[in-house]
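What follows is a short report on a single structure.
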Amino acid sequence: QTISGEHGLDTNGVYNGTSELQLERMNVYFNEASGNKYVPRAVLVDLEPGTMDAVRAGPFGQ
């Protein structure tokens with residue numbers, strides 16, 4: 001969630017930023033998918049129940 005926001009991405013993976021430099025370096029953490037959406041190159045998740053509940057309840061849990 002933090003990294004997406006820092007790179008100008010909304011919760012749907014759409015770039016909403018204004019920085020050319022930001023867009024140039026998007027491929028460090030994200031791959032461009034169809035429809036000009038970006039998906040994470042890797043997902044690391046703590047599988048403890050409390051952490052999973054927090055992720056599900058957040059904006060990326062949908």
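Assorted remarks:
- One residue stands out in region 5-23 among those that are touching a residue at least 24 places away in the same chain (Cβ under 8 Å) and either in contact with a Gly (Cβ under 6 Å, 6 or more places away or on another chain) or polar (S, T, N, Q) (or both): the one that is farthest from GLY35 (Cα to Cα), namely THR11.
- Among the residues of region 7-62, none is identified as surrounded by 12 or more Cβ atoms within 10 Å (Cβ to Cβ), of a type in the set (D, E, K, R) and assigned to a helix (DSSP H, G or I).
- Among (1) out of contact with any strand residue (DSSP E or B) (no Cβ under 7 Å at 6 or more places or on another chain); (2) at pLDDT 95 or above, the one test that VAL28 misses: (2)
The values are calculated or read from the model by the stated rules, or taken from the named source; none is laboratory data. Since this is a predicted model, take the numbers as computed values, not measurements. Virtual Cβ from ideal backbone geometry, glycine too; neighbours counted across all protein chains shown.
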